[in-house]
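Rule-based calculations on the coordinates, nothing more; no lab input. Since this is a predicted model, take the numbers as computed values, not measurements. With ideal geometry, Cβ positions are generated from the backbone for all residues, glycine too; neighbour counts draw on all protein chains shown.
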Amino acid sequence: MRKLLEADSLTDINLIAHYLQGNGITVEIQNTQQSAVLNISPFSGLVRPELWVHPDQFSAAAKLVARYQHEQASGTDEKEWLCRGCREGNPDNFGSCWSCGQARK
Ligand SMILES: [Zn+2]
């Protein structure tokens with residue numbers, strides 16, 4: 001596996017991971033278990049979560065991330081819906097909340 005990126009929050013990593021998985025990329029998130037064991041909030045910034053992908057899929061994944069970030073920045077894909085369970089924002093194409101799994105309604 002090869003490290004693709006790291007982010008300040010697990011939220012960012014999860015959204016990108018979900019996006020990549022939806023496009024056929026196998027992803028692995030690291031530095032999340034560590035924080036759980038130490039009982040440190042993943043949002044504390046002490047441990048930066050990392051997204052790893054298979055080397056064969058690295059360039060495809062990098063392109064998808066670039067497209068994803070472009071969509072975020074340009075606001076063309078702004079049909080976000082808010083989870084009623086945990087109040088997290090979810091991309092329009094998610095049928096259930098990435099964070100808590102509650103179905104979209
Ligand atoms: Zn939720």
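Among the residues making up segment 82-94, those that are under 18 Å from Ile16 (Cβ atoms) and more than 8 Å from the ligand (Cβ to nearest atom) are Gly89, Pro91, Asp92, Asn93, Phe94.
Counting the residues of segment 95-105 that are near the ligand (Cβ under 10 Å from one of its atoms) and part of a loop (DSSP other than H, G, I, E, B) gives 7. Restricting the first member to segment 80-105 and to residues that are free of Cβ contacts under 8 Å to residues at least 40 places away in the same chain and closer than 16 Å to Leu10 by Cα, and the second to residues that are assigned to a loop (DSSP other than H, G, I, E, B) and more than 7 Å from the ligand (Cβ to nearest atom), the beta-carbon pairs closer than 7 Å and six or more apart or on different chains are Gly89/Glu80; Asn90/Glu80; Asn90/Trp98.
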